1. Tell me yes or no: at least one residue of the stretch 43-55 is surrounded by 10 or more Cβ atoms within 10 Å (Cβ to Cβ), within 17 Å of the chain's Cα centre (by Cα) and assigned to a helix (DSSP H, G or I).
2. Scan the stretch 78-105 for residues that are open to solvent by less than 50 Å² (accessible area, probe 1.4 Å) and among the charged types (D, E, K, R) and report the count.
3. Since A35 meets every condition but one in (1) part of a helix (DSSP H, G or I); (2) out of contact with any helix residue (DSSP H, G or I) (no Cβ under 6 Å at 6 or more places or on another chain); (3) touching a residue at least 12 places away in the same chain (Cβ under 8 Å), which condition does it not meet?
4. Just to check your reading of the model, which residue among A58, A8 is within 25 Å of E119 (Cα to Cα) and open to solvent by less than 80 Å² (accessible area, probe 1.4 Å)?
5. Suppose the filter is in contact with a strand residue (DSSP E or B) (Cβ under 6 Å, 6 or more places away or on another chain), farther than 21 Å from D141 by Cα and modelled with pLDDT under 95; does S66 pass it?
6. Of Y75, Y67, which residue is among the hydroxyl-bearing types (S, T, Y), open to solvent by less than 20 Å² (accessible area, probe 1.4 Å), more than 30 Å from Q25 (Cβ to Cβ) and in contact (Cβ under 8 Å) with a residue 40 or more places away in the chain?
7. State which residue pairs qualify: first residue closer than 22 Å to P78 by Cα and among the basic types (K, R) and inside the stretch 100-120, second residue surrounded by fewer than 18 Cβ atoms within 10 Å (Cβ to Cβ) and modelled with pLDDT under 95 in any location, beta carbons under 8 Å apart, and separation of 6 or more residues or different chains.
8. How many residues does the stretch 11-42 hold that are open to solvent by 50 Å² or more (accessible area, probe 1.4 Å) and of a type in the set (G, A, S)?
Amino acid sequence: MREADGSAWREQRARAIAHHAAADQQRRLAESGQARAVVAEFAREARARGLRVTALRASSFSGRGSYRTGLRGWYVHPNRLLAVDVGGRFYLLGVPASLRSRFTGVHVGPQDPKLVVGEGGRDGESIPLRTLLRMRLDAGDDWP
């Protein structure tokens with residue numbers, strides 16, 4: 001292979017990689033926008049149904065502690081690690097363990113939800129976001 005041919009191939013390959021990365025980023029942004037709309041609709045419906053709002057607590061990754069967050073909303077997964085606040089934002093409530101945080105609480109920022117919760121995890125642990133939120137709404141205040 002001549003030097004010019006190798007250089008042209010590398011440039012073409014770099015363009016293809018950049019194109020695929022841009023397309024993947026667009027797909028993720030579109031999915032995230034759809035998922036945020038699903039979460040916002042859940043919050044509207046939860047308020048309309050009068051679901052009890054609770055103070056949301058974060059749990060340590062080790063499972064040995066929980067911490068105040070200053071957030072209010074609804075847990076949407078039985079393990080209480082996923083929640084939606086009253087403003088319709090999605091949260092992952094797992095945090096590193098911290099003695100200080102037991103007294104001061106923790107700051108947990110909203111996350112971009114995915115249309116499939118647990119995607120890429122162990123088999124049987126993924127569920128469409130819309131299905132999970134519908135189950136939560138249907139359970140009412142009897143949610144675990």
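1. yes
2. Result for the stretch 78-105: 1.
3. Only one criterion in (1) part of a helix (DSSP H, G or I); (2) out of contact with any helix residue (DSSP H, G or I) (no Cβ under 6 Å at 6 or more places or on another chain); (3) touching a residue at least 12 places away in the same chain (Cβ under 8 Å) is unmet by A35, namely (2).
4. Values: A8 fails: within 25 Å of E119 (Cα to Cα).
That would be A58, the only listed residue that is within 25 Å of E119 (Cα to Cα) and open to solvent by less than 80 Å² (accessible area, probe 1.4 Å).
5. Details: in contact with a strand residue (DSSP E or B) (Cβ under 6 Å, 6 or more places away or on another chain): yes; farther than 21 Å from D141 by Cα: yes; modelled with pLDDT under 95: yes.
Considered against the rule, which asks whether it is in contact with a strand residue (DSSP E or B) (Cβ under 6 Å, 6 or more places away or on another chain), farther than 21 Å from D141 by Cα and modelled with pLDDT under 95, S66 comes out as yes.
6. Details: Y67 fails: in contact (Cβ under 8 Å) with a residue 40 or more places away in the chain.
When all the criteria are applied, what remains is Y75.
7. Correct list of pairs: K114/E31; K114/S32.
8. 7
The values are calculated or read from the model by the stated rules, or taken from the named source; none is laboratory data. This is a predicted model, so every value here is computed, not measured. Cβ sites come from the backbone with ideal geometry, for glycine too, and all protein chains shown count toward neighbours. Only protein heavy atoms, including side chains, enter the accessible area calculation; ligands, DNA and RNA are left aside. Shrake-Rupley method; radii C 1.70, N 1.55, O 1.52, S 1.80 Å.
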